[in-house]
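Heads up, the thing below is written out as structure tokens.
None of the figures in this text is laboratory data; all of them are computed from the coordinates on show. Keep in mind that what you see is a predicted model, and the values were worked out from it rather than measured. In this analysis, Cβ positions are derived from the backbone assuming ideal geometry, glycine residues included, and neighbour counts consider all displayed protein chains.
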Amino acid sequence: MENEKYPVERELDGFYYRVKRGEKFVNRCFTDLTDEEQTEFISRYEKEGLMRMCKTLASVLRQIGDQFGIMGKIE
């Protein structure tokens, strides 16, 4: 993981997880984690926590779409 490029830190979702970056530990939002880190993060949640997280991520995605007029499908 030393050579892995990390996602740009955007702090969009508010679900923080402590990870090691280089020689120190930092707190990063779920959306700022690597795929491997995200898998580890969600493996620790129970059903209710995952449901809350999914609803929050859906809300964030909706807000971004509304703010910038982004559509998933153009007819």
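Cross-link reach is defined here as a Cα-Cα straight distance under 16 Å, omitting same-chain residues fewer than 8 places apart; for LYS5 the aspartates and glutamates meeting it are GLU23, ASP32, ASP35, GLU36, GLU37. Placing R0 at 22 angstrom, the Cβ-Cβ distance between TYR6 and GLU48 gives a FRET efficiency of 0.15 after rounding to 0.05.
Within straight-line reach of LYS24, meaning a Cα separation under 13 Å, sit the following aspartates and glutamates at least 8 residues removed in sequence or on another chain: GLU2. Derived scalar couplings between HN and Hα for the stretch 34-39 equal 6, 4, 4, 5, 4, 4 Hz in order, rounded to whole Hz, by the Karplus curve 6.51 cos²θ - 1.76 cosθ + 1.60 (θ = phi - 60°), x for Gly and Pro. Here the chain is treated as a Stokes sphere of Kirkwood radius computed over C-alpha pairs; at 20 °C and 1.002 mPa s its diffusion coefficient rounds to 153 µm²/s.
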